[in-house]
Amino acid sequence: MTMFDRCLSALRLSRLRVRPACALALLALTAVNPHRAEAADETAAAGLAVLYEEDTSNPTGRRLTGSVVWHTDTIKSAGAAAETFVVGDVDVPGRLKLTLTLKRNTDRTLPASHVFELTFVPVPGFVGHHVNSVPGMLTKVDQQTRGTPLAGLAVKVTDNVFMVGLSNVDADRERNLTLLRERPWIDIPIVDGIQHRAILAIEKGETGQSAFAAAMTAWGQN
């Protein structure tokens, strides 16, 4: 079994049985709470990002290195206090860019504690044309170890744009927060437009750890 099979197998075993209404609510959230992230501070220390592409001749895949810059931002909706969220800007040269955000869910109609938004931008050299599927997300203790899935539901908004709603069940919520707080790496498995599989591994590093800690403190979840 390759690293790609192991990753997808772990996600399948952990996937929640979520009603279709939850997926529809996640999609509706993009209309009422649009993403707004300012450019990251160019002086911030960049962490490591690694894209592992499936290669039939190599069970560990093809490895391409990139970078990630983490920071926090705020968004203010009418009649509500400013809300802090985490932003990660990923760049894997010759393949893709990704803007990742993590927000606390404040919509009581949505059965999710937090929501990841993933916006991929493929660049020339990405033979898969677009990102077609994101099965879920995982966290891990280092670059090489097998990841632990976050409990939640991944929803495709359109090609290259996805939302991952994290479970609001008490035990799942506490476990997810612990994983996000303590694990230094995040894995995002992807399937491209021609069904090639890859895993994007993103390091939090000191800047990412600080961004997650600041957001969780603002949410009263530290």
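What follows draws every value from the coordinates through simple rules; no lab data is involved. Fair warning: this is a prediction, and the values are worked out from it, not measured in the lab. So basically every Cβ, Gly included, is an ideal-geometry build from the backbone, and we count neighbours across all protein chains shown.
Listed from fewest to most Cβ neighbours within 10 Å, the set Thr148, Thr178, Thr101 follows the order Thr178, Thr148, Thr101. By count of other Cβ within 10 Å, fewest leading, how are Arg197, Arg146 ordered? Neighbour counts put them in this order, fewest first: Arg146, Arg197. So, counting K/R as plus one and D/E as minus one, what does the shell of residues with Cβ under 14 Å around Met216 add up to? Taking every other residue near Met216 into account, the sum is +3. Note on His71, His129, His114: ascending count of other Cβ atoms within 10 Å places them as His129, His71, His114, the fewest first.
What pairs from Lys97/Lys140; Lys76/Lys156; Lys76/Lys204; Lys76/Lys97; Lys97/Lys204 go past 19 Å between their alpha carbons? Result: Lys97/Lys140; Lys76/Lys156; Lys76/Lys204; Lys76/Lys97 exceed 19 Å.
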